[in-house]
Amino acid sequence: MGAAKTTHQPERHFRITNMDHADAKVRIDKWLWAVRLYKTRSLATTACDQGKIMIQNQPVKASRTVKIGDRVSVKRTGLVLQLEVLQPIERRVGAKLVPMSCKDHTPAEELEAFRTRATRMTIFRDPGTGRPTKKERRALDDFFNPFEDDLEE
């Protein structure tokens, strides 16, 4: 009789940074992209150029470096996110690993006010234009629920 065949699955270790020391620094645009606040680095760079990103209440350029303990403010569609850098990372990580890299300090009242403003908005379409296409519907969903994944925590 043959022995049952077992497959060995190696343990997966997630390495979210190659910086093991406390004085590690990363560019703010890379960090914003890595913690999934912006879809691309160029969008993060544009936000920095427009003054929507602040560190310690000072507007920053995209080349500014962040380190552990920095407070980052991100202005997005009617909401200002207050984040603390827990780990400066350069590589984009999965959504489940983001809490290891940053901590959200946005006041609950501000999040609730944002939610109520978002639910009060209604979608108006001109009569006779028909149903929105899939692309238009996704654009509307993104506009009216920009932080849907972040708010469910």
Inset, instruction - Could you check, for segment 103-120, whether at least one of its residues is under 30 Å from GLN87 (Cα atoms), assigned to a loop (DSSP other than H, G, I, E, B) and among the small types (Gly, Ala, Ser)? - result: no
Legend entry - Selection count where residues are buried (at least 18 other Cβ atoms within 10 Å of the Cβ), in contact with a helix residue (DSSP H, G or I) (Cβ under 8 Å, 6 or more places away or on another chain) and either at pLDDT 95 or above or not in a loop (DSSP other than H, G, I, E, B) (or both), scope segment 56-80: 4
Legend entry - Top-ranked residue of segment 13-52 - restricted to ones that are in a loop (DSSP other than H, G, I, E, B) and basic (Lys, Arg), ranked as modelled with the lowest pLDDT: ARG15
Legend entry - Answer residue from segment 131-153, given it is of a type outside the set (D, E, K, R) and within 17 Å of GLY94 (Cα to Cα) and is modelled with the lowest pLDDT among those: LEU151
Inset, instruction - Evaluate segment 35-47: report whether one residue or more is in contact (Cβ under 8 Å) with a residue 40 or more places away in the chain, surrounded by 21 or more Cβ atoms within 10 Å (Cβ to Cβ) and either over 13 Å from the mean Cα position of the chain (by Cα) or more than 17 Å from VAL80 (Cβ to Cβ) (or both). - result: no
Inset, instruction - Take GLU84 and decide whether it is farther than 18 Å from THR40 by Cβ, touching a Lys or Arg at 6+ places or on another chain (Cβ under 6 Å) and either modelled with pLDDT of 90 or more or surrounded by fewer than 16 Cβ atoms within 10 Å (Cβ to Cβ) (or both). - result: yes
Inset, instruction - Would you check if ARG115 is assigned by TED's automatic domain parsing to the domain that holds THR46 and either in contact (Cβ under 8 Å) with a residue 24 or more places away in the chain or touching a Ser or Thr at 6+ places or on another chain (Cβ under 9 Å) (or both)? - result: no
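The values are calculated or read from the model by the stated rules, or taken from the named source; none is laboratory data. Remember, it's a predicted structure, so these values are computed and weren't measured experimentally. Here the Cβ is made from the backbone with ideal geometry for all residues, glycine too, and neighbour counts use every protein chain on show.
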